[in-house]
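A short worksheet on the structure shown next.
The values are calculated or read from the model by the stated rules, or taken from the named source; none is laboratory data. In this text the structure is predicted, and so the values were computed from the model without any measurement. Neighbour counts run over all protein chains shown; Cβ positions are idealised from the backbone, glycine included. Areas reflect the complete protein model, heavy atoms only, side chains present, ligands, DNA and RNA absent. Shrake-Rupley method; radii C 1.70, N 1.55, O 1.52, S 1.80 Å.
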Amino acid sequence: MKSARLVEFGAPLQFEEKSDPIPKGTEVLLEVMACGVCHSDLHLRDGYYQMGKGEKLFVKDRGVKLPLTPGHEVVGRVLQVGPDAKDISLGEVKLVYPWIGCGDCEECEDGTPQLCSAPKSLGIYQDGGYSDRILVPHPKWLLDTHGLAPEYACSYACAGLTAYGALKKSLPLSKKDYLLIIGAGGLGMFAAQILPLMTDAQVIFADLDEGRLAKIRELGFQTVNSSEGDVSDAVRKFSGPKGVSSVIDFVNNSATSSLAFSLLKKNGRMISVGLFGGELKIPTPILSLRSLTVRGSYTGSPSELAELLKIVSEKKLLPIPVQVKSMKEADSILNDLSSGKVLGRVVLSDLRI
Ligand SMILES: [Zn+2]
Ligand SMILES: [Zn+2]
């Protein structure tokens, strides 16, 4: 088993080789075929999230323990199964649902393990897919990829599911409503891909990067370059002076969240998703007087992921841009993500070291 591991926060990943684990009980060992690189892997490597005003939320205080193999967007082929693992066969290709919970709490019992207070997520609290092997605790966390190529299927486990979960919360929207999406990186690209199947609302994307916006325009959406001029004015040019009915903020730093909030029309909804860090100051009377909703959205449930994969394969959606790289490049990819240089999604598929 060859893995790229996080041994020390703030330091580059280290490569490690050891013998393959043997699955026990209900465990399943998979050969990793593809693993997406997510922006939250960067926070893991840094060891913290920015909370605004220079304050940090340390991932070790949230229960993350090192050494750890990151990677929570994994497609693999079943190599070996534990004696109690049922309904799974050797050689099957599966997408791993990584947002595993404790299994005992109300959220876990309700089928929303992503909201468990004692999470055991793969690639965050347990070893993930920056490796040629991954051990999954139970076959119930393995989903059908519906024949999608591993390098495209893997990112639905986090980026795709996160975009889908946020879009669901931004609805209902009618044809005359405007939806503003802040951020046209990986999450924004997935949203653009799925959107036409979910709403006929008018959609505006805002981002700092002209290259990413050009891709979004190719898909037929309006765009606003937030590095140029007054973004609020530019958005209102499309939506009219009242603003937009929903905003999904895939960046969610201090600047984007206050922009998102200021652009909501009465009865509007703001969905905070990104983990770029910051804070939002809200005058409380505005919330009630304008009847606004501000809510967060974190990934999605196993049933939502299964639903999403089915939609993607049935509707034959065009895949988002994917750059395929080798595990040896993991650190430099994280550096590129940090500087905002990545278009679409980066996926590790050559997992040798
Ligand atoms: Zn992720
Ligand atoms: Zn739980």
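Overview of results
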| read-out | value |
| --- | --- |
| Charge-dipole axis of the chain as Lys and Arg at +1 and Asp and Glu at -1 on Cβ define it, positive-most pick from VAL81, GLY268, GLY278 | GLY268 |
| For the chain, the Rg and Dmax computed from alpha carbons only, in angstrom | 20.1, 63 |
| Sulfur and carbon atoms: percent of accessible area, the chain [1.4 Å] | 51 percent |
| Convex hull volume per residue for region 160-296, taking Cα atoms only, in Å³ | 97 Å³ |
| Unsatisfied cross-links (Cα-Cα over 19 Å) in the set LYS215/LYS341; LYS2/LYS60; LYS168/LYS215; LYS168/LYS310; LYS176/LYS265; LYS94/LYS328 | LYS2/LYS60; LYS168/LYS215; LYS94/LYS328 |
| Of LYS316, LYS140, LYS65, the one that fluctuates the most in a GNM where the chain has Cα springs shorter than 10 Å | LYS316 |
| Dipole magnitude of region 160-296 about its Cα centre (Cβ charges: Lys, Arg +1; Asp, Glu -1), debye to nearest 20 | 620 debye |
| Farthest toward positive dipole pole in region 160-296 [+1 Lys/Arg, -1 Asp/Glu at C-beta], among SER226, PRO172, SER257 | PRO172 |
| Length added when fully stretched, ASP87-LEU219, from 0.36 nm per residue minus Cα-Cα | 43.5 nm |
| Cβ-Cβ FRET estimate between ASN335 and SER232, R0 fixed at 35 Å, reported to 0.05 | 0.60 |
| Relative contact order (%) - region 160-296, alpha-carbon pairs under 8 angstrom, separation at least six | 22 percent |
| Loop trypsin sites (Lys or Arg not before Pro), region 204-286 (other Cβ atoms within 10 Å of the site Cβ: 14 or fewer; DSSP) | LYS242, LYS281 |
| Mean accessible surface per residue for region 160-296, computed with a 1.4 Å probe while every protein chain stays in place, in Å² | 44 Å² |
| Most fluctuating residue given options ARG133, ARG295, ARG77, as computed from a GNM of the chain linking Cα atoms under 10 Å | ARG295 |
| Electrostatic dipole magnitude of the chain [Cβ: Lys, Arg +1; Asp, Glu -1; Cα centre; debye, to 20] | 960 debye |
| Point-to-point label distance, GLN323-ASP110, nm (Cα→Cβ direction, 7 Å offset) | 4.0 nm |
| Chymotrypsin sites (Phe, Trp or Tyr not before Pro) within region 241-294, DSSP loop, no more than 11 other Cβ atoms inside 10 Å | none |
